[in-house]
Amino acid sequence: MENLLEMSSLFLQQLVNGITLGGVYALIAVGYTMVYGVIQLINFAHGEIYMFGAFLAFAMVTVFNVPFFMAAILSIIICACFGIVLDIIAYRPLRKAPRLAALITAIGMSLFLQNLALMIWGGEIQSYPREALPAFFYQEAIAFGDVTITWIQVFILLVTVIFMATLHFIIHRTAVGTAMRAISQDKTTAALMGINVNRVISFTFALGSGLGAVAGILVGLYYNAIFHMMGFIMGVKAFAAAVLGGIGSVPGAMLGGGLLGVAEALGAGYLSSAYRDGISYGVMILIILFKPSGLIGRSTTERV
Amino acid sequence: MLKLDNVNSHYGQIHALKGISLEVEQGSICCLIGANGAGKSTTLMAISGIQPVSSGDVTFEGESIKKMTPDKIVRKGIIQVPEGRRIFPYLTVEENLMIGGYANPDKAKVAEIADKYYEIFPILKERCNQLGGTLSGGEQQMLAIARALMGSPRLLLLDEPSLGLAPLIVENIMKIIKQIREEEGITIMLVEQNAQAALELSDFGYVVETGEVVLEDKADKLLNDPKVKEAYLG
Ligand SMILES: Nc1ncnc2c1ncn2[C@@H]1O[C@H](COP(=O)(O)OP(=O)(O)OP(=O)(O)O)[C@@H](O)[C@H]1O
Ligand SMILES: [Mg+2]
């Protein structure tokens, strides 16, 4: 009996951790998938925007003593603008070039931004001093038996749900969201209907990058570890989540993120935490081999 | 209203338009007829700003539009119904219509036009929450026309509206095109392979062959022209 209780509490604890992590994956994955939807490009530099989101908030809090929530909002806005600039200077000139050219540029931008962060902040892992953050973050919010949920987890889940709901609303209920979907289905016809395609693409980058920054800030808090490679590692996993759900599909990215987070946490809990990263890669390879359109992606037409 | 002056256009090495000149008069229906690959769609895409013009000029109401972006041209009042209808398959019928009104700053007007076309095409109203891709060809053509009209065009470009439709539906579509000109006063440029139907409807016609205008005249004259009869009218 006691054994059973212990088993189920391990399961529940890992489930909670997995869902938290999954929400973060989903926040990043929608950025990959939305950009892919409108310009069929895997924006490899997306992970770096996530990293900059974490660093910018961190720098504002620690260097300039900006209150945490204010710093977070500023960082999100800066990263949204950053996404627009990235598209305009790096990708827009290559819109009509072969796709490989844009893909190589994306990898180049990713490396460039990693090294830029390395130059600015160094290679050390940075952490928030406890007194810089709202005190309740690391306290236990709910505990039953051995299962504990910290406030930071509650906060992450809450923020994720709110942003995902807002995103869903934007994509399905606003004119610009409908335009994003139209562009992902037929760019030429969207232009023929009077949509300023470049402007909507900019909006998409802003949206994806802003959400990436949200994720970066949350993860920076969760692990309290901010470093220049964090975007690379997280980017690969979130990309795996996007592929799992079906690249180009926003609900797919949400589902893929959630599933991957839970799979990883359970894998880490039951097998060994050494398998944690391997699970994402394994899932990605299996999906690419057996169902390249993903769980709920469409194989013929891309969509947002 | 619209004037093409010696327009050339290329797809890489392919010289698709070789000095096309034509004019569309305000309030008229003008048609472009010609065989497959003649350059009709390319001409419309060049007018709409999708296909780059390598030389020559396109002017709309005296203003050159050749370097304008497609969305700007739409805002000037030229809207195209592209070949093959190109309904957004994963948007609902209603969303397709709303996209048509995207560039129209007058949202009350957009809603009004939507209501009007729901009345003219009751089938669209019935299907308004259905995905565009699930409509039949004829329904899609009606949706494509209604979608373009949502932007309140002054010049409507129609690329082969009869393509792949049954004769009865073609007749219906032609009637609607006539209505659009008569009731809304919208000028129309019609591209067709169905030369008979197009010429019967039009005031003026151009015959295009391999990227060049080879014949132009009043539509009724073209209908009786022996060369046209032989080549384009069964
Ligand atoms: N995307 C493209 N790339 C290369 N060549 C093209 C492209 N689109 C059209 N062409 C070529 O340009 C020429 C004109 O094509 P266009 O589509 O304008 O003809 P069309 O008169 O509309 O024919 P149809 O009646 O079949 O629609 C053709 O020779 C065609 O092969
Ligand atoms: Mg054509």
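The values are calculated or read from the model by the stated rules, or taken from the named source; none is laboratory data. Quantities reported herein were computed from a predicted structural model and do not represent experimental measurements. Cβ atoms come from the backbone with ideal geometry, glycine included; neighbour counts cover every protein chain shown. Surface accessibility is based on the protein's heavy atoms, side chains included, excluding ligands, DNA and RNA. Shrake-Rupley method; radii C 1.70, N 1.55, O 1.52, S 1.80 Å.
Against the conditions (1) open to solvent by less than 30 Å² (accessible area, probe 1.4 Å); (2) in contact (Cβ under 8 Å) with a residue 40 or more places away in the chain; (3) away from ligand 2 (no atom under 14 Å from the Cβ), where does residue B:65 fall short? Just the number, please.
Answer for residue B:65: the failing condition is (2).
Pull up segment A:181-213, narrow it to residues that are touching a Gly at 6+ places or on another chain (Cβ under 7 Å) and more than 9 Å from chain B (Cβ to nearest Cβ), then point me to the one that is surrounded by the most Cβ atoms within 10 Å (Cβ to Cβ).
Top of the filtered list is A:212.
Return yes or no: is residue B:100 over 21 Å from residue A:185 (Cβ atoms) and small (Gly, Ala, Ser)? Walk me through it before giving the result.
Numbers: over 21 Å from residue A:185 (Cβ atoms): no; small (Gly, Ala, Ser): yes.
The answer is no for residue B:100.
Any residue in segment B:142-152 that is within 16 Å of ligand 1 (Cβ to nearest atom) and more than 14 Å from chain A (Cβ to nearest Cβ)?
Here is the first cut: in segment B:142-152, the residues within 16 Å of ligand 1 (Cβ to nearest atom) are B:144.
Checking the rest, the ones that are also more than 14 Å from chain A (Cβ to nearest Cβ) come to none.
For segment B:142-152, residues within 16 Å of ligand 1 (Cβ to nearest atom) and more than 14 Å from chain A (Cβ to nearest Cβ): absent.
Going by the conditions given, is residue B:219 open to solvent by less than 30 Å² (accessible area, probe 1.4 Å) and in contact with a Leu (Cβ under 8 Å, 6 or more places away or on another chain)? Don't jump to the end; show me each part of the working.
Details: open to solvent by less than 30 Å² (accessible area, probe 1.4 Å): yes; in contact with a Leu (Cβ under 8 Å, 6 or more places away or on another chain): yes.
So residue B:219 fits the description; yes.
Yes or no, residue by residue, for (1) of a type in the set (D, E, K, R); (2) in contact with a helix residue (DSSP H, G or I) (Cβ under 6 Å, 6 or more places away or on another chain); (3) closer than 18 Å to residue A:194 by Cβ:
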{"position": "B:13", "(1), (2), (3)": "no, no, no"}
{"position": "B:62", "(1), (2), (3)": "no, no, no"}
{"position": "B:80", "(1), (2), (3)": "no, yes, yes"}
{"position": "B:85", "(1), (2), (3)": "yes, yes, yes"}
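With B:131, B:155 as the choices, which residue is more than 16 Å from ligand 1 (Cβ to nearest atom), in contact with a Leu (Cβ under 8 Å, 6 or more places away or on another chain) and open to solvent by less than 30 Å² (accessible area, probe 1.4 Å)? So that I can check it myself, show each step before the final result.
Values: B:131 fails: open to solvent by less than 30 Å² (accessible area, probe 1.4 Å).
So the residue among B:131, B:155 that is more than 16 Å from ligand 1 (Cβ to nearest atom), in contact with a Leu (Cβ under 8 Å, 6 or more places away or on another chain) and open to solvent by less than 30 Å² (accessible area, probe 1.4 Å) is B:155.
Looking for something open to solvent by 20 Å² or more (accessible area, probe 1.4 Å), touching a residue at least 12 places away in the same chain (Cβ under 8 Å), touching a Phe, Trp or Tyr at 6+ places or on another chain (Cβ under 7 Å) and closer than 30 Å to residue B:10 by Cβ - is there at least one such residue anywhere in segment B:68-89?
Looking for residues that are open to solvent by 20 Å² or more (accessible area, probe 1.4 Å), touching a residue at least 12 places away in the same chain (Cβ under 8 Å), touching a Phe, Trp or Tyr at 6+ places or on another chain (Cβ under 7 Å) and closer than 30 Å to residue B:10 by Cβ, one finds at least one in segment B:68-89, hence yes.
Identify, from the list B:170, B:191, B:207, B:214, the residue that is within 16 Å of ligand 1 (Cβ to nearest atom), farther than 27 Å from residue B:113 by Cα, modelled with pLDDT of 90 or more and open to solvent by less than 30 Å² (accessible area, probe 1.4 Å). Give the derivation first.
Details: B:170 fails: farther than 27 Å from residue B:113 by Cα; B:191 fails: farther than 27 Å from residue B:113 by Cα; B:214 fails: open to solvent by less than 30 Å² (accessible area, probe 1.4 Å).
Only one candidate qualifies: B:207.
Could you please find all residues in segment B:158-198 being of a type in the set (Ser, Thr, Tyr) and within 16 Å of ligand 2 (Cβ to nearest atom)? First the steps, then the outcome.
First pass over segment B:158-198, keeping only residues of a type in the set (Ser, Thr, Tyr): B:162, B:187.
Hit for segment B:158-198 is B:162, nothing else.
Residues A:97, A:90, A:101, A:71: which one is more than 16 Å from the chain's Cα centre (by Cα), farther than 30 Å from residue A:276 by Cα and not in a helix (DSSP H, G or I)?
Numbers: A:90 fails: not in a helix (DSSP H, G or I); A:101 fails: not in a helix (DSSP H, G or I); A:71 fails: not in a helix (DSSP H, G or I).
From the options A:97, A:90, A:101, A:71, the qualifying one is A:97.
Yes or no, residue by residue, for (1) farther than 15 Å from residue A:189 by Cβ; (2) touching a helix residue (DSSP H, G or I) at 6+ places or on another chain (Cβ under 8 Å):
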| site | (1), (2) |
| --- | --- |
| B:120 | yes, yes |
| B:133 | no, no |
| B:139 | yes, yes |
| B:147 | no, yes |
| B:152 | yes, yes |
| B:159 | no, yes |
| B:167 | yes, no |
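Is it fair to say residue B:200 is open to solvent by 70 Å² or more (accessible area, probe 1.4 Å), more than 13 Å from ligand 1 (Cβ to nearest atom) and of a type in the set (Asp, Glu)?
Yes: the conditions hold for residue B:200.
Taking the options B:100, B:137, B:56, B:62, name whichever one is of a type outside the set (A, V, I, L, M, F, W, C), in contact with a strand residue (DSSP E or B) (Cβ under 9 Å, 6 or more places away or on another chain) and under 21 Å from residue B:176 (Cβ atoms). Quick ask: steps written out before the conclusion?
Values: B:137 fails: in contact with a strand residue (DSSP E or B) (Cβ under 9 Å, 6 or more places away or on another chain); B:56 fails: under 21 Å from residue B:176 (Cβ atoms); B:62 fails: under 21 Å from residue B:176 (Cβ atoms).
So the residue among B:100, B:137, B:56, B:62 that is of a type outside the set (A, V, I, L, M, F, W, C), in contact with a strand residue (DSSP E or B) (Cβ under 9 Å, 6 or more places away or on another chain) and under 21 Å from residue B:176 (Cβ atoms) is B:100.
Of the residues A:18, A:83, A:47, A:53, which is open to solvent by less than 10 Å² (accessible area, probe 1.4 Å), modelled with pLDDT under 95, at negative phi and not polar (S, T, N, Q)?
Numbers: A:83 fails: modelled with pLDDT under 95; A:47 fails: modelled with pLDDT under 95; A:53 fails: modelled with pLDDT under 95.
When all the criteria are applied, what remains is A:18.
Suppose we filter segment A:227-262 for residues that are within 16 Å of residue A:164 (Cβ to Cβ), modelled with pLDDT of 90 or more and in contact with an Asp or Glu (Cβ under 9 Å, 6 or more places away or on another chain); how many remain?
Number of matching residues: 0.
Kindly list the number of the only condition in (1) more than 16 Å from ligand 1 (Cβ to nearest atom); (2) modelled with pLDDT of 95 or more; (3) among the β-branched types (Val, Ile, Thr); (4) buried (at least 16 other Cβ atoms within 10 Å of the Cβ) that fails for residue B:110.
(2) is the only condition that residue B:110 fails.
Residue A:277 fails exactly one of the following numbered conditions: (1) at pLDDT 80 or above; (2) closer than 30 Å to residue A:120 by Cβ. What is the number of that condition?
(1)
When you scan segment B:1-106 for strands (runs of 3 or more DSSP E) that lie fully inside it, which ones turn up with 1 or more residues that are within 13 Å of another protein chain (Cβ to nearest Cβ), of a type in the set (Val, Ile, Thr) and away from ligand 1 (no atom under 13 Å from the Cβ)? It would help to see each step written out before you state the result.
Working: elements: B:2-11, B:14-24, B:29-33, B:55-60, B:78-81.
In segment B:1-106, B:78-81 are the strands (runs of 3 or more DSSP E) which contain 1 or more residues that are within 13 Å of another protein chain (Cβ to nearest Cβ), of a type in the set (Val, Ile, Thr) and away from ligand 1 (no atom under 13 Å from the Cβ).
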